[in-house]
Amino acid sequence: MVEIPLDFIQSCTTLRDLKVSSIAMKKVPQSVQHSTSLYRLDLSCNRIVDLDDAGLDRVPELSSSRLRNNRTEQLSEPVNRLAALVFPPPPISNNKFVNVPRVIYQLPSLDELDMSFNMTTELPEEIGRLTSLERLILIGKVVKLPEECRSLVKLQLLNCRRNNISDISMAYALPTLQILYADHNSVHALHLSIGPGLSVLDAPHNDITFLKFAPSSPLQISLALTLLDVSYAKLSSLDTFDLSQLLPFKL
């Protein structure tokens, strides 16, 4: 275990940034909680399982932390309280979270969430509370996008690559969505009721056997779509797909 002498931490009265990343650390050094001036803490790329004894909620000035690329499965109550006060919350990609930490849903102003490479297979209905979200990244093990995602009316980018999702229809009709990455999933049919802002729909390496376009509303007469990638699909023909409705674009 890496340890930082307590007297050293206490003597560093102007310490603002502490980086202890990529050193195979399993616990946060106990002395860190005694810092009175620490503002940013980088714990990324270690082997930290939990933060229960870290005492980070006792660091009065702490406003930014990084936790990605660890083995963390959940955030304890003190850390939840801390994260609710820290904006943005600590990046939590590439850990072992089975569930999205509940503190995330207490941040209605959150504009970016990266839950990639965790153990999460489903998003709870509370995801619909994040109405300010502009970027959502879910690379890994997700099998379903819940209906509550329709409430993400400010979402501009959705990256759900390399999952096991079979239906992405609720996503590409979002009013402000511009970019959707959905390659390497289990999508079989694309009923393209595309929103007016979607410019990139990248969905190669799916088992797509059916492709059909329909405007998202009767009054929609033009699209922003510039790239539609359905490479490596299982389409035998495009008989039901009217390309003239999409021009100009790149297929």
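The values are calculated or read from the model by the stated rules, or taken from the named source; none is laboratory data. It should be emphasised that the depicted structure is a prediction, and the values quoted were computed from it without experimental measurement. Glycine also receives a Cβ, built like all others from the backbone with ideal geometry; neighbour counts cover every protein chain displayed. All accessible areas refer to the heavy atoms of the entire protein, side chains included, with ligands and DNA or RNA removed. Shrake-Rupley method; radii C 1.70, N 1.55, O 1.52, S 1.80 Å.
Residue-wise test of (1) touching a helix residue (DSSP H, G or I) at 6+ places or on another chain (Cβ under 9 Å); (2) open to solvent by 80 Å² or more (accessible area, probe 1.4 Å); (3) small (G, A, S).
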| residue | (1), (2), (3) |
| --- | --- |
| L6 | yes, no, no |
| K19 | no, yes, no |
| M25 | no, no, no |
| S31 | yes, no, yes |
| H34 | yes, yes, no |
| L41 | yes, no, no |
| R47 | no, yes, no |
| L51 | yes, no, no |
| R58 | yes, yes, no |
Inset, instruction - Inspect region 100-115 for any residue being modelled with pLDDT of 90 or more, assigned to a loop (DSSP other than H, G, I, E, B), open to solvent by 10 Å² or more (accessible area, probe 1.4 Å) and charged (D, E, K, R) and give the result as yes or no. - result: no
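Do any strands (runs of 3 or more DSSP E) entirely within region 137-251 hold 2 or more residues that are surrounded by fewer than 17 Cβ atoms within 10 Å (Cβ to Cβ) and at pLDDT below 95, and if so, which? Before you say what the answer is, go through the steps one by one.
Details: elements: 157-159, 179-181, 189-192, 200-202, 210-213, 227-229.
Fully inside region 137-251 and qualifying: 189-192, 210-213.
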Legend entry - Scope region 21-47; condition in contact with a Lys or Arg (Cβ under 6 Å, 6 or more places away or on another chain), in a loop (DSSP other than H, G, I, E, B) and over 11 Å from S65 (Cβ atoms); matching residues: A24, K26, R47
